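Worksheet: the structure to be examined is printed underneath.
Each reported figure results from applying straightforward, stated rules to the coordinates on display, with no laboratory input. As the structure is a prediction and not an experimental result, all values here were calculated from the model. Positions of Cβ are backbone-derived with ideal geometry, glycine not excepted, and every protein chain shown enters the neighbour counts.
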């Protein structure tokens with residue numbers, strides 16, 4: 001069994017490599033906090049959970065993931081623009097499913113801060129975030 005410090009160090013290294021957004025995105029009022037990373041029973045797949053906090057007016061870059069995402073709004077009001085779907089505005093307690101590979105953007109459209117719990121069911125050994133250029 002791994003020790004807690006070893007697991008925490010591994011999670012921090014993996015999380016910073018997988019979850020890093022460009023510096024510009026961090027300056028735009030986004031903060032990502034790693035919560036969980038674990039293998040799934042499906043070979044080559046893993047689950048990650050991340051809290052994403054949005055300052056008032058903050059907008060994520062247009063991006064996609066190598067698997068599905070479930071975004072659960074923890075606080076505030078977020079608008080999601082998901083490729084191939086109409087925009088949806090969600091408040092605390094609402095959730096949205098984002099298909100694998102779908103380009104999407106999340107924007108804090110409310111007053112004050114907003115936050116989401118993002119759960120990713122993704123392919124292992126691939127970058128978690130692919131930014132649209």
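What does the highest-first list of 106-118, 33-45, 73-85 look like by mean Cβ count within 10 Å?
Put in order of decreasing packing, that is 106-118, 73-85, 33-45.
Percent of C-alpha pairs per 10 Å bin in the stretch 37-94, short distances first: 17, 47, 29, 7. For the stretch 61-123, the ratio of Cα radius of gyration to the globular rule of thumb 2.2 N^0.38 Å stands at 1.04.
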